[in-house]
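Chemist: Quick one: the structure is below, and I'll ask about it shortly.
The values are calculated or read from the model by the stated rules, or taken from the named source; none is laboratory data. Please read all numbers here as calculations on a predicted model, not as lab measurements. Note that we place each Cβ from the backbone using ideal geometry, even for glycine, and neighbour counts take in every protein chain shown. Each accessible area value is taken on the protein alone, full model and side chains, heavy atoms only, with ligands, DNA and RNA left out. Shrake-Rupley method; radii C 1.70, N 1.55, O 1.52, S 1.80 Å.
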Amino acid sequence: MREGLLAALPVRHPLAAVDGPMPIEDFAGEDFLMYSSVEARYFHELLISVFRAADVWPVFTQYLTQVHSILALVNGGWGVALVPESAAQMRYSGIVFRQVALPGPQPVELNLVWRRSNDNPALEALLRHL
């Protein structure tokens, strides 16, 4: 599965009121809630590569592991973040989600792997659902 990234902004943040896709350059100097380089390495490296390619550097103020934790802090006004599109389904009244103009449309990847010999009925149900 592939999906894009969205900007998660506190509802009162100046960038939350702007229409259209948000340029990545708008994150320069912003207080940014970043993924942990250890526990959330995939997202950490993904965002570092996005910022490096654009030569843009937010101010990383917190390093977190879970998307819902990042959204809780955005909701509290602690900073801005980039999250997978699916995170917008976690509805917080204090967050505005905005599209971000990125070179690639869907940089987030989710892969599913399993042993062919696995006979767990939960796996079978999951595969039918997917």
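Chemist: So which residues in the stretch 76-90 are buried (at least 17 other Cβ atoms within 10 Å of the Cβ) and either in a helix (DSSP H, G or I) or within 13 Å of the chain's Cα centre (by Cα) (or both), if there are any at all?
Modeler: The answer is Val80, Ala81, Leu82, Val83, Pro84, Ala87.
Chemist: Regarding Phe51, is this residue under 16 Å from the mean Cα position of the chain (by Cα), more than 15 Å from Gln99 (Cα to Cα) and either exposed (fewer than 15 other Cβ atoms within 10 Å of the Cβ) or at pLDDT 95 or above (or both)?
Modeler: In short, no.
Chemist: Sticking with this one: Report, by residue number, each residue of the stretch 103-130 that is at pLDDT below 85, open to solvent by 70 Å² or more (accessible area, probe 1.4 Å) and among the aliphatic types (A, V, I, L, M).
Modeler: Leu110, Leu112, Leu130
Chemist: Hey, any hits in the stretch 48-67 for a residue that's under 20 Å from Ala28 (Cα atoms), β-branched (Val, Ile, Thr) and part of a loop (DSSP other than H, G, I, E, B)?
Modeler: Taking every residue of the stretch 48-67 in turn, at least one turns out to be under 20 Å from Ala28 (Cα atoms), β-branched (Val, Ile, Thr) and part of a loop (DSSP other than H, G, I, E, B).
Chemist: Further question: Give the number of residues within the stretch 30-50 that are more than 16 Å from Gln62 (Cβ to Cβ) and out of contact with any helix residue (DSSP H, G or I) (no Cβ under 7 Å at 6 or more places or on another chain).
Modeler: Here the count works out to 5.
Chemist: Out of the stretch 31-60, which residues are under 16 Å from Leu71 (Cβ atoms) and of a type outside the set (A, V, I, L, M)?
Modeler: Asp31, Phe32, Tyr35, Ser36, Phe43
Chemist: Exactly one of these conditions fails for Val100: (1) touching a helix residue (DSSP H, G or I) at 6+ places or on another chain (Cβ under 8 Å); (2) open to solvent by 50 Å² or more (accessible area, probe 1.4 Å); (3) assigned to a strand (DSSP E or B); (4) more than 29 Å from His129 (Cβ to Cβ). Give me its number.
Modeler: The number of the failed condition is (2).
Chemist: Counting just the residues of the stretch 21-42 that are touching a residue at least 60 places away in the same chain (Cβ under 8 Å) and outside any strand (DSSP E or B), which one comes out least open to solvent (accessible area, probe 1.4 Å)?
Modeler: For the stretch 21-42, the residue satisfying everything is Ile24.
Chemist: Here is a follow-up. Test Ala72 against the stated conditions and say whether it is in a strand (DSSP E or B) and of a type outside the set (Phe, Trp, Tyr).
Modeler: Here the answer is no, as Ala72 does not meet what is asked.
Chemist: Right, another one. Being within 16 Å of Val96 (Cβ to Cβ), loosely packed, with under 15 Cβ neighbours inside 10 Å and touching a residue at least 12 places away in the same chain (Cβ under 8 Å) is the filter here, so list the residues in the stretch 1-16 that pass it.
Modeler: Val11, Arg12
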